[in-house]
1. Search the structure for amide H atoms under 5 Å from the amide H of His17, placed 1.01 Å from N in the peptide plane, and list their residues when 5 or more places away or on another chain.
2. Cut-off under 20 Å on the C-alpha distance; same-chain residues fewer than 8 positions from Lys26 excluded. Which aspartates and glutamates are left, in chain and number order?
3. Any chance you could run the full-extension gain for Ile205 through Val84? It's 0.36 nm times the residue separation minus the Cα-Cα distance, nm to one decimal.
4. Are there GluC sites (Glu not before Pro) in region 32-129 that DSSP puts in a loop and that have at most 15 other Cβ atoms within 10 Å, and which ones?
5. Given the DSSP H assignment, sum -39500 (n - 2.57) over each helix run of at least 4 residues in the chain and divide by its residue total; what's the result at 222 nm in deg cm²/dmol, nearest 500?
6. Once the convex hull of the alpha carbons of region 78-173 is built, what does its volume come to per residue, in cubic angstrom?
7. Determine the distance separating the Cα centre of region 21-97 from the Cα centre of region 116-164; give it in Å without decimals.
8. Give me the dipole magnitude in Debye, nearest 20, for the chain about the Cα centre, with unit charges on the beta carbon: positive for Lys and Arg, negative for Asp and Glu.
Amino acid sequence: MDTDTKRLSNAPLIGAHVSIAGGISKAPDRGAEHGCTAIQVFTKSPNQWRAAPLTDEECEAFQSRWKAVGLRSVVAHDAYLIGVYYLDQLGEDAVRKSLEEFRRAAEIAPDYAPAHAGMAEAHLALGGGVVAAESPRESLARSRAYAERALELDGDLADAHLILARVDLQTDWNWAAAERALERHLELDPNSAGGHGFYSWVLLITGRIDQAVEELKRTIELEPLSHTYT
């Protein structure tokens, strides 16, 4: 990588939310016209949550244009946030809707790591979480693959490390791998109640009772109203 390329890759991103009027593939050019190096787009009308699936042609045209005009980052945050909302509702229908939204975000912005982490968490819920509506082996394998892809894109994405830890706990009973993932997760997000909660489980399983109790106390401090930990 030459010096100019390194300088540009490390430069701060300048971005804006741009319109998709006339088709989503129009958005990159609108961002470039304003000097953006990053853009955020709605993947559908913000006035309603329902929308037709994006076609391969639309996604390819969008990705071709944003690369052609020199954008460095694209985010489809609306679909991601709707996915988070559905995932929090629990229930099989809601989790499947969350998966659709995360997938929509990743179709538009394949390098958007949170969308891949979202798909990982949805598959975790479907295969080994509170929903458990699919084959655990297949769903948890998908969860691991999406979490690993998220970390390839952003190694500091705390949620992806937590998901990997949960997969290690539920599939291979690999306590050592789960502990490493949880330690990295908590390094990135020290106030994660879920992280401390799952870490207390690993400590309890591996016989470190006193440490497990301390982690559980920290979990309750962070989420005092949670029935899961109290």
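1. Under 5 Å from the amide H of His17: Gln40.
2. Those aspartates and glutamates meeting the cut-off are Asp56, Glu57, Glu58, Glu60, Asp78, Glu107, Asp111.
3. Values: separation 121, 0.36 × 121 = 43.56 nm, distance 3.03 nm.
The span from Ile205 to Val84 would gain 40.5 nm if fully extended.
4. Details: sites: Glu33, Glu57, Glu58, Glu60, Glu92, Glu100, Glu101, Glu107, Glu121; in loops: none.
Sites meeting the loop and neighbour criteria: none at all.
5. On the way: 11 runs with 143 residues, N = 230.
It lands at -19500 deg cm²/dmol.
6. Details: hull volume 7.5 nm³, N = 96.
About 78 Å³ per residue, rounded to a whole number.
7. 21
8. On the way: 23 positive and 35 negative charges, 77 e Å.
Roughly 380 debye, rounded to the nearest 20.
Each reported figure results from applying straightforward, stated rules to the coordinates on display, with no laboratory input. Quantities reported herein were computed from a predicted structural model and do not represent experimental measurements. Every residue, glycine as well, gets a Cβ built from its backbone with ideal geometry; the counts of neighbours run over all protein chains shown.
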